[in-house]
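> There's a structure below that I have some questions on.
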Amino acid sequence: MTAPILKIQNLRIENLVGDVLVDNASLSLMRGKVLGLIGESGAGKSTIGLAAMSYARGGCKITGGHVEIDGVVIQDLSAEGRAKFRGRRIAYVAQSAAASFNPAHTLMDQVCEMPVHHCVRSRIEAQAWAVDMFRLLELPDPANFGARYPHQVSGGQLQRAMAIMAISANPDIVVFDEPTTALDVTTQLEVLVLIKNLIRDYNIAALYITHDLAVVAQIADHIMVLRQGKIVELETTQSILNSPKKTYTKELVADRQTSDVFREIILKDDQEVILDAANITAHYGDFKVLKDVSITVAKGETVAIVGESGSGKTSLARVIVGLTKLTSGDLTFLGKKLSPSLKHRSRNDLRKIQLIYQQPDVALNPRHTVGDIIGRPIKFYFNRTADEVRKRTLELLEQVGLPADYYYRKSTALSGGQKQRICIARALAAEPTLIICDEPTSALDQLVADEILKLLQQLQDELNISYLVITHDLGIVRRIAHRTAVLLNGELVASGATSTIFKPPFHPYTEILLQSVPELRENWLDELSARRAI
Amino acid sequence: MFRLIITRVFLGFATLFAVTLLIFAATEILPGDVASAVLGQGATPDTLAAFRIELGLDRPAYVRYLEWLTNALQGDLGVAMTNKREVLDTITPRLYNTLFLAGYAAAIAVPIAIILGITAAINEGKWIDRAANIVTLGAISVPEFFIAYILILVFATNLGWFPSLSTVYSDMGFWQKIHVVALPALTLTMLVMAHMLRMTRASVLAIMSQPYIEMAFLKGLPRKRVILHHALPNAAAPIISVVALNLAYLIVGVVVIEVVFVYPGVGQYMVDGVSKRDLPVIQACALVFGSAFVLLNTIADILAILLNPRLRHPR
């Protein structure tokens, strides 16, 4: 039995004010094996991943335990000694490749920096190696790919370049920190396959950090479930998926499984059509983002717009709210023509269409109290007395499931899920007919997202509001949408009742989208790539 | 990118045009005019009126503005009302002196400020960072003439290394000039360093919180390389613009220093012009200052455009 390449013992990490971010975490990783770290945001997954490199983000400190790489306790080393391990023995792949590549240097410069600095390869050797890798990972025009700057290539290509950069100095261990979270489902699939192959071919030991159980199930040999900085369970992948022991793990697995299941939603018939967007075409400059797209939304109905980034789904929402001007087409709302420009819409039209944003963090003014935030649209649209506004605000708080004493709190003191509830309450305050939800749960953790979706459904049942949900997550669509429209490159490729869209015969693109959603089975990725290759 | 640069140059000219309008408007609303200033209190209304006609002050303002603008565009800055000499002939050697002093101070201040700023960023929170901050902040917290007199006291009176008067003549040799102008240049250096140093430090540190800097550390690179190679290129734009702003200040903001050291620059000429209500002189000096500002800031903006990889290498 050989010794583990990475060993972490009783690790404890605290931030500046002494909050414990990671408590008593131990793990060991053998050469060529993959350990998945899974948990909600704030569970300490990234913190452990970075601690493995003896690195702590601003203000945090490793206050206990130790990290051993190949028998050397690296936090005992000097700064120079640690730097010799980083990149050379243990490398890092970050979540957002777009933010983690330096915008001022070419990709080749950045990929070759590590091997040259750590004296693994000369610059010329490193370049030749990089071009080979670009070719291997199917990047476009491999000979010249390195001459490009980060902003000149797509997110999926950057993420692949980052994986290449990580292994450029032949490390023993690679820490993958949510490497596919920022990507579209179809791109995620490609990158996942490539990462899996790299790990296998180069016999790399990996820490794979993610919040998606189905993703980690494809890659990891063992899975560590984390919650609030503590290890909940550490078992083989098979045992986590099939026989989770702890309640929290059971919840995670069960919740992920239900999102795979298609939930039949009965289509509401004979409802009055409230929004009719007919033959919408829109441009950004000379670029056509929407090509002759038509959708309708009926009263009390949820319509999902599905597509990858760049498909025009957000542009469609912007056209409907009047932020982007349409080039041709008609918007009819509640039987009346809706002005294409925000400025020319009546206050009543504005009130009846509300928005819920993707990132509740930035959608709420950090200086305002919850009461101010929810009360503002009530004052603005309905001209009520201060007492009435307060009463109504408290009603809304109750409706979205928040306690009344949140009224005086600032939104910054709340969690992501609570913030999104406040955004929903703010939208409801205007008493809208239609709420446009732009990726309402993609910034939230799995279990929290689930609660928000339930809340949206419950509110729809109570108030008979319509939703237009923009999302790339087919799990959400299958759970809440009555009807679905699939967009590809600004064109509507399929639309109809959700149950019909997701049953054969598919539109070929819908099928690709559906297949690309990771399933909670161990061999899903292998089966799929085998099938695709044929 | 090319279009952006052209636009920026065009905007520079537009700004300059607006500056000429402002200068003319400002000199129009100055209380009193050259006629009453030259003739003094003993002037009768008749002699004043006659003198005004002689100077052309009776014509409408827009006519005089257009005349002044077209002349200035052809390099004719007019004739000083008080001594009847060509403004251009007086201003040229003085402008050369001003630029000499500004360039002298800049050659010391800019490299030191940027290097110290980067060093402070590398050693954030350590003694060198604090010392650099305290010294430079101290220097701008006291009035400029105070620093000037302190320097005179130490280096001219006590040590006798440099002269306390910096009057230069056109027949002086280069090194002799460097020696004579050392004290005003040093004073100016201390005045502009703090701003540039702090801005360099702040821009570099702002970049230090970017994910790609964390990535650079995780690649195992030493702090020095991370800052010089990864942070600095991305912090260059704000540094360049603050340098440009300070260079402009070196040219236009040195009147007090010129007075203290009796240095024959444009600033003193302008002060003389204002006290004598000599409109062509004031206008010419203001035009020189305005042009210096616009020119330096335009150059800074163009450099920032050139340094932006997104603009340099479009998709």
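> Over 29 Å from residue A:274 (Cβ atoms), of a type in the set (Lys, Arg) and in the same structural domain as residue A:332 (by TED's automatic domain parsing), is that true of residue A:351?
Taking the combined requirement at face value, the residue does not satisfy it.
> Please enumerate the residues belonging to the stretch B:202-226 that are within 25 Å of residue A:47 (Cβ to Cβ) and more than 9 Å from chain A (Cβ to nearest Cβ).
Within the stretch B:202-226, the subset within 25 Å of residue A:47 (Cβ to Cβ) is B:205-223, B:226.
Within the stretch B:202-226, B:205, B:206, B:207, B:208, B:226 qualify.
> In addition: Just give me the residues in the stretch A:24-57 being farther than 24 Å from residue A:212 by Cβ and charged (D, E, K, R), in sequence order.
Passing the criteria: only A:31.
> So, in the stretch B:214-235, exactly how many residues are surrounded by 19 or more Cβ atoms within 10 Å (Cβ to Cβ) and closer than 22 Å to residue B:200 by Cβ?
Filtering the stretch B:214-235 down to residues surrounded by 19 or more Cβ atoms within 10 Å (Cβ to Cβ) leaves B:214-221, B:226-227, B:230-232, B:234-235.
Narrowing further to those that are closer than 22 Å to residue B:200 by Cβ: B:214, B:216-217, B:221, B:226-227, B:230-232, B:234-235.
Here the count works out to 11.
> Ok, one more. From B:237, B:292, B:244, which residue is within 12 Å of chain A (Cβ to nearest Cβ) and part of a helix (DSSP H, G or I)?
It is B:237.
> Taking the residues in the stretch B:251-274 that are outside any loop (DSSP other than H, G, I, E, B) and of a type outside the set (A, V, I, L, M, F, W, C) as candidates, determine which candidate is nearest to residue B:192 (Cα to Cα).
As a first pass, look at the stretch B:251-274 and keep what is outside any loop (DSSP other than H, G, I, E, B): B:251-252, B:255-260, B:266-274.
Imposing the further condition that a residue be of a type outside the set (A, V, I, L, M, F, W, C) reduces the set to B:258, B:267-269, B:272-273.
Numbers: B:258: 16, B:267: 18, B:268: 20, B:269: 23, B:272: 26, B:273: 27 Å.
The qualifying residue nearest to residue B:192 (Cα to Cα) is B:258.
> Among the candidates A:177, A:201, single out the residue that is charged (D, E, K, R), in contact with a strand residue (DSSP E or B) (Cβ under 7 Å, 6 or more places away or on another chain) and modelled with pLDDT of 85 or more. Step through it out loud before you land on a result.
Working: A:201 fails: in contact with a strand residue (DSSP E or B) (Cβ under 7 Å, 6 or more places away or on another chain).
Checking each option against the conditions leaves just A:177.
> Pairs, please: C-beta under 6 Å, at least 6 apart or cross-chain, first residue under 20 Å from residue B:288 (Cβ atoms) and in the stretch B:8-34, second surrounded by 13 or more Cβ atoms within 10 Å (Cβ to Cβ) and modelled with pLDDT of 85 or more?
B:12/B:294; B:12/B:298; B:15/B:294; B:16/B:294; B:19/B:290; B:23/B:286
> Let me ask another. Mind counting the residues in the stretch A:130-156 that are crowded, with 19+ Cβ neighbours inside 10 Å, in a helix (DSSP H, G or I) and more than 14 Å from chain B (Cβ to nearest Cβ)? First the steps, then the outcome.
Keep residues of the stretch A:130-156 that are crowded, with 19+ Cβ neighbours inside 10 Å, which gives A:130, A:133-134, A:137, A:139, A:145-146, A:148-150, A:153, A:156.
Filter again for in a helix (DSSP H, G or I), leaving A:130, A:133-134, A:145, A:150, A:156.
In the following step, the residues that additionally are more than 14 Å from chain B (Cβ to nearest Cβ) were identified as A:130, A:133-134, A:156.
Number of matching residues: 4.
> Which numbered condition trips up residue A:23, out of (1) within 23 Å of the chain's Cα centre (by Cα); (2) away from every other protein chain (no Cβ under 12 Å)?
Here residue A:23 clears every test but (1).
> Okay, next question. Which condition breaks for residue A:454 when tested against (1) at pLDDT 90 or above; (2) surrounded by fewer than 18 Cβ atoms within 10 Å (Cβ to Cβ); (3) within 30 Å of residue A:39 (Cβ to Cβ)?
The failed condition is (1).
> With the stretch A:53-118 as the region, which helices (runs of 4 or more DSSP H) entirely inside it contain at least 1 residues that are more than 7 Å from every other protein chain (Cβ to nearest Cβ), in contact (Cβ under 8 Å) with a residue 40 or more places away in the chain and buried (at least 23 other Cβ atoms within 10 Å of the Cβ)? Reasoning before the result, please.
Values: elements: A:79-85, A:97-100, A:107-117.
The helices (runs of 4 or more DSSP H) meeting that bar are A:97-100, A:107-117.
> Sticking with this one: Using beta carbons and a limit of 6 Å, which pairs, at least six apart or on different chains, have the first residue in the stretch B:219-232 and touching a residue at least 12 places away in the same chain (Cβ under 8 Å) and the second one part of a helix (DSSP H, G or I) and of a type in the set (Gly, Ala, Ser)?
Close Cβ pairs satisfying both conditions: B:226/B:216; B:230/B:216.
Residue by residue, here is whether (1) in contact with a Cys (Cβ under 7 Å, 6 or more places away or on another chain); (2) crowded, with 21+ Cβ neighbours inside 10 Å; (3) over 26 Å from residue B:241 (Cβ atoms) holds:
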site	(1), (2), (3)
B:154	no, no, yes
B:164	no, no, yes
B:180	no, no, yes
B:183	no, yes, yes
B:195	no, no, no
B:203	no, yes, no
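> Next question, about the same structure. Taking the criterion of being among the charged types (D, E, K, R) and away from chain A (no Cβ under 14 Å), would at least one residue in the stretch B:252-259 satisfy it? I'd like the intermediate steps shown before the answer.
If we filter the stretch B:252-259 for residues that are among the charged types (D, E, K, R), which is where we start, we get B:258.
When the remaining residues are screened for being away from chain A (no Cβ under 14 Å), the result is B:258.
There is at least one residue in the stretch B:252-259 that is among the charged types (D, E, K, R) and away from chain A (no Cβ under 14 Å).
> Would a scan of the stretch A:483-502 turn up a residue that is within 23 Å of the chain's Cα centre (by Cα), part of a helix (DSSP H, G or I), surrounded by fewer than 22 Cβ atoms within 10 Å (Cβ to Cβ) and not polar (S, T, N, Q)?
No, the stretch A:483-502 contains no residue that is within 23 Å of the chain's Cα centre (by Cα), part of a helix (DSSP H, G or I), surrounded by fewer than 22 Cβ atoms within 10 Å (Cβ to Cβ) and not polar (S, T, N, Q).
> I'd like to check something: does the stretch B:275-288 contain any residue that is acidic (Asp, Glu), more than 14 Å from chain A (Cβ to nearest Cβ) and outside any loop (DSSP other than H, G, I, E, B)?
Our first condition is that a residue be acidic (Asp, Glu); within the stretch B:275-288, this holds for B:278.
Of the ones still in play, those that are also more than 14 Å from chain A (Cβ to nearest Cβ) are B:278.
Filter once more, keeping what is outside any loop (DSSP other than H, G, I, E, B): none.
Scanning the stretch B:275-288 turns up no residue that is acidic (Asp, Glu), more than 14 Å from chain A (Cβ to nearest Cβ) and outside any loop (DSSP other than H, G, I, E, B).
> Hey, among B:7, B:20, B:98, B:27, which residue is surrounded by fewer than 16 Cβ atoms within 10 Å (Cβ to Cβ) and either assigned to a strand (DSSP E or B) or modelled with pLDDT of 75 or more (or both)?
Details: B:20 fails: surrounded by fewer than 16 Cβ atoms within 10 Å (Cβ to Cβ); B:98 fails: surrounded by fewer than 16 Cβ atoms within 10 Å (Cβ to Cβ); B:27 fails: surrounded by fewer than 16 Cβ atoms within 10 Å (Cβ to Cβ).
None of the others qualify; the one that does is B:7.
> Kindly list, by first and then second residue, each pair from a residue in the stretch B:265-281 that is acidic (Asp, Glu) to a residue that is in a loop (DSSP other than H, G, I, E, B), limited to pairs with Cβ atoms under 8 Å and residues at least 6 apart or on different chains.
Short answer, once both residue conditions are applied: B:272/B:278; B:278/B:80; B:278/B:81; B:278/B:82.
The values are calculated or read from the model by the stated rules, or taken from the named source; none is laboratory data. Predicted model, so just to flag it, every value in this text is computed and none were measured. Neighbour counts are summed over all protein chains in view; Cβ atoms, including those assigned to glycine, are modelled from backbone coordinates with ideal geometry.
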